[in-house]
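Below: the structure, in structure tokens.
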């Protein structure tokens with residue numbers, strides 16, 4: 001049976017907008033993987049594959065955090081960091097590299113990096129470290145309390161109670177997690193793969209039509225009179 005993974009409170013910028021993260025890595029597949037994981041958090045993500053492009057992207061995008069590979073085609077991540085910090089001295093930077101020698105770690109942190117993760121790495125650990133950097137830089141939780149509200153639908157994350165107006169809606173654990181993820185992303189188009197990844201385990205062996213099945217269950221419980 002699939003198990004559920006708890007999500008940490010969503011972080012937001014001071015103006016209420018989504019966190020902006022710049023991912024700098026010349027491995028396209030890795031950059032795409034990181035971007036997908038960070039967008040799952042509800043963050044706005046830009047990528048760059050070279051040092052020069054990274055500096056330009058930082059100037060235009062004004063990221064709240066940067067994931068920065070040390071080895072890049074034109075100049076290395078340490079130089080990228082120096083150039084970025086000349087314009088945005090406080091942006092948190094997490095170095096991502098295959099180099100794991102102590103002197104490499106020291107060089108990255110001495111240059112002004114805030115954290116250091118070596119390849120191969122855990123996506124969940126990297127996201128957790130980024131969240132820590134963002135909290136220390138002043139980002140705050142987007143919501144106060146435990147309720148998610150969309151229209152007259154209210155989901156209490158602490159009591160795990162769901163209400164539609166004055167009526168309590170009884171949900172299974174899987175239905176609750178699915179509804180919570182959908183309510184946390186009310187204006188986003190979510191793919192089946194994204195929903196499977198968040199609601200079910202990575203190693204879930206079922207087919208993607210399980211998403212349609214559970215959404216059908218939710219509709220029948222939340223809006224029993226609505227047409228499918």
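The values are calculated or read from the model by the stated rules, or taken from the named source; none is laboratory data. Computed from a predicted structure; not experimentally measured. Cβ: placed from backbone, ideal geometry, glycine included. Neighbour counts: every protein chain shown.
Here is how the numbers come out for the structure above:
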{"read-out": "Evaluation of residue 126 against (1) closer than 16 Å to residue 38 by Cβ; (2) at pLDDT below 90; (3) in contact with a helix residue (DSSP H, G or I) (Cβ under 9 Å, 6 or more places away or on another chain) (one fails), failing number", "value": "(2)"}
{"read-out": "Cβ-Cβ under 9 Å pairs, at least 6 apart or on other chains, the stretch 146-174 side assigned to a helix (DSSP H, G or I), far side surrounded by 12 or more Cβ atoms within 10 Å (Cβ to Cβ)", "value": "173/4; 173/160; 174/2; 174/4; 174/199; 174/200; 174/214; 174/217"}
{"read-out": "Residues that are over 21 Å from the mean Cα position of the chain (by Cα) and under 27 Å from residue 11 (Cβ atoms), drawn from the stretch 64-77", "value": "70, 77"}
{"read-out": "Single unsatisfied condition, residue 74 versus (1) surrounded by fewer than 19 Cβ atoms within 10 Å (Cβ to Cβ); (2) under 20 Å from residue 133 (Cβ atoms)", "value": "(2)"}
{"read-out": "Residue list for the stretch 78-97, restricted to those being more than 15 Å from residue 30 (Cβ to Cβ), within 22 Å of the chain's Cα centre (by Cα) and buried (at least 24 other Cβ atoms within 10 Å of the Cβ)", "value": "93"}
